[in-house]
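As structure tokens, the structure follows; a few thoughts come after it.
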Amino acid sequence: MSIIETSNYHKIPHTKDMHTIMHWKIQIGVLDDHIATATGYKSKLEINPRLNVVWIANYYQEVEPFLNSHPTDLLILDIVVSNSPGASEPYPILHAIPLILEKYPEIKILVISMHNRPVLIKALKNAGISGYILKDDIQSYEKLDEIIINIVENDSIYFSDEASRVLKSPDEIPSLTPRQTEILSLIASDPALKTKELAEKLFVSPSTIRNHLSDIYLKLEVNSRSSAILRAQQLGYIAVNIDELPYS
């Protein structure tokens, strides 16, 4: 189910005039499969007259149609959200973010999630997000409207204290390239994807995909896709439901 609110909807003004800017509403889209959480964002943010939650998606497949039909300044993303109703695997966020930013280069992406695994936060930062907030970060939640306005108007970034600490921590695990984490994100979202289909999604040749997979296997010390997905989940490169998150 999705909720759409289209009142006072217009594009970012190309002006330095403060009077114009103060009367422009920042348009926000939300992807979260918990309806109470998503509507909670809407209720909280729209207390501020500068903000308008223009759409809410509960599945990733709804995001592209909303972005096409509703100009959006900032997108709030959760990580563990299904592609579509009935799908059990989360959408491939490390593939989705570059695609969104390529098609909508002016949009800002703020991830709000329970996941605090260092490699995932770093991979999301490298993918181009403008901020990361942990869902239990009460201080950041209380000033969420200010954070969003600052990100959109000043082209700034915001990583909550815990996320910042994670980003500064030294790497103690195998380092994968952004393309390698994107491939892992895709095959975790759809394990049945064939090499040719992966290549088509990433606009590269099948041989390039095979080379990337070989490098991934070597770095993660595995010899199959299923083992690579499991190891990537253990290391934190791929998000799973919090209750099922492996730490060993």
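The table below lists the values:
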| item | result |
| --- | --- |
| Residues being under 26 Å from PRO49 (Cβ atoms), assigned to a helix (DSSP H, G or I) and open to solvent by less than 10 Å² (accessible area, probe 1.4 Å) - total across segment 109-146 | 2 |
| Checking LEU75 against (1) crowded, with 17+ Cβ neighbours inside 10 Å; (2) part of a helix (DSSP H, G or I), the condition it does not meet | (2) |
| Subset of segment 156-177 (residues that are outside any helix (DSSP H, G or I), open to solvent by 90 Å² or more (accessible area, probe 1.4 Å) and in contact (Cβ under 8 Å) with a residue 12 or more places away in the chain) | ILE157, ASP171 |
| Number of the exception - LYS25 against (1) at pLDDT below 95; (2) surrounded by 15 or more Cβ atoms within 10 Å (Cβ to Cβ); (3) within 22 Å of the chain's Cα centre (by Cα) | (3) |
| Unmet requirement for LEU198, which otherwise passes all of (1) buried (at least 17 other Cβ atoms within 10 Å of the Cβ); (2) within 21 Å of TYR132 (Cα to Cα); (3) without any contact (Cβ under 8 Å) to a residue 24 or more places away in the chain; (4) of a type outside the set (S, T, N, Q) | (2) |
| Test: residue in segment 197-209 that is at pLDDT below 90 and within 26 Å of THR37 (Cα to Cα) | no |
| Qualifying residue in segment 89-98 (condition: part of a helix (DSSP H, G or I), open to solvent by 70 Å² or more (accessible area, probe 1.4 Å) and out of contact with any Pro (no Cβ under 6 Å at 6 or more places or on another chain)) | no |
| Selection status of ASP78, within 14 Å of the chain's Cα centre (by Cα) and touching a residue at least 40 places away in the same chain (Cβ under 8 Å) | yes |
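The values are calculated or read from the model by the stated rules, or taken from the named source; none is laboratory data. As the structure is a computational prediction, the values presented were derived from the model and not from experiment. Note: ideal-geometry Cβ built from the backbone for every residue, glycine included; neighbour counts use all protein chains shown. Ligands, DNA and RNA are excluded from the accessible area calculation, which covers all protein heavy atoms including side chains. Shrake-Rupley method; radii C 1.70, N 1.55, O 1.52, S 1.80 Å.
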